[in-house]
Amino acid sequence: MTTLTTAPAAPPASGGRIVPGAERTLRNRVTVGQAVSDSLAMARRGLIKIRRTPEQLIDVTVQPIIFTLMFTYIFGGAISGSIAAYLPVIIPGILVQTVITASAVTGTQLREDMDKGVFDRFRSLPIARIAPLAGALVADLVRYLIATTLTIVMGLIMGWRPGGGVGGVLLAGLLVIVCAWSLSWIFAFFGVIGRSASSVQGISFLVLFPLTFLSNAFVPVDTMPGWLQGFVNVNPVSHLVTAVRDLASTGSVTGQVGIALLSCAVVVAIFAPLAVRSYMKKA
């Protein structure tokens, strides 16, 4: 987090003088507080960008509704015997699938900003160099919150009644948001090293599709071939879906929650330094 800033000049009040540039003390470090402030300012920029181009939210507004309706009414009767019996299975699955898929947009938008030269202008500003990257990741938390809220509301409208109560549902939503934010570091890394936004998008979905669809999000694991069950059982998305179901259905904080959080910590520990290091080399 290095930048070149100048110490503030003395105010032109009576008895004071403006410090000439040659006499100012230059610093090549910023404080943690200043870095946080700059990152929040960049996050605000991201939110303003979303407000001015609301079509960016299509994936977190339209997709939860379409997927919930489609999967429930197509597979509900065949898998669980009825729509009502399938809702406790599919709503947590759709929630996980929608929110973590939304995390892939982080890398694509980051690459687009870098291709358009926006980050070149940021480099000329007296801000922490890490602020544009951190701000983008913070702003995307709003996207995850929107996707989580709409999926839960859609499930309630269709008749889903989670046994875990409000507390269990809130914890389930918070867990999904935390996991999506951790995954966004992977796609941020792809965004920094990728050559184009389209290539970043293609790589991101190549990673996400097997993880989400080869899991227990939509169908029971025991209905799959034996060789596939082995992958599904170790898939981190399967552990996350099970944790969300436990929280929403019974309000229980099981070991699956710990596995999901541990997986998030491992992802952040690996990809956050990679993304930051790659970004700092280009910034």
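The values are calculated or read from the model by the stated rules, or taken from the named source; none is laboratory data. This structure is a prediction, so every number in the text was calculated from the model and none was measured. Here the Cβ is made from the backbone with ideal geometry for all residues, glycine too, and neighbour counts use every protein chain on show. Areas reflect the complete protein model, heavy atoms only, side chains present, ligands, DNA and RNA absent. Shrake-Rupley method; radii C 1.70, N 1.55, O 1.52, S 1.80 Å.
See the values below:
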item: Number of the exception - LEU125 against (1) part of a helix (DSSP H, G or I); (2) without any contact (Cβ under 8 Å) to a residue 60 or more places away in the chain; (3) of a type outside the set (D, E, K, R); result: (1)
item: Candidate set: segment 203-232, residues that are part of a helix (DSSP H, G or I) and of a type in the set (Ser, Thr, Tyr); chosen: the one most open to solvent (accessible area, probe 1.4 Å); result: THR223
item: Subset tally (residues that are part of a helix (DSSP H, G or I), touching a residue at least 24 places away in the same chain (Cβ under 8 Å) and either at positive phi or open to solvent by 50 Å² or more (accessible area, probe 1.4 Å) (or both)) for segment 147-202; result: 8
item: Some residue of segment 261-279 being of a type in the set (Val, Ile, Thr), open to solvent by 40 Å² or more (accessible area, probe 1.4 Å) and closer than 18 Å to GLN97 by Cα; result: no
item: All positions within segment 57-70 that are out of contact with any Phe, Trp or Tyr (no Cβ under 8 Å at 6 or more places or on another chain) and either aliphatic (A, V, I, L, M) or without any contact (Cβ under 8 Å) to a residue 24 or more places away in the chain (or both); result: LEU57, ILE58, VAL62, ILE65, ILE66, LEU69, MET70
item: Candidates ARG161, ARG123, filtered to the one that is over 19 Å from the mean Cα position of the chain (by Cα), at pLDDT 90 or above and among the charged types (D, E, K, R); result: ARG161
item: When residues of segment 98-109 are limited to those that are of a type outside the set (A, V, I, L, M, F, W, C) and open to solvent by 10 Å² or more (accessible area, probe 1.4 Å), the one nearest to THR149 (Cα to Cα); result: THR101
item: Residue within segment 132-145 that is surrounded by fewer than 18 Cβ atoms within 10 Å (Cβ to Cβ) and over 16 Å from the mean Cα position of the chain (by Cα) present; result: no
item: Selection status of GLN34, closer than 22 Å to ASP140 by Cβ and open to solvent by 30 Å² or more (accessible area, probe 1.4 Å); result: no
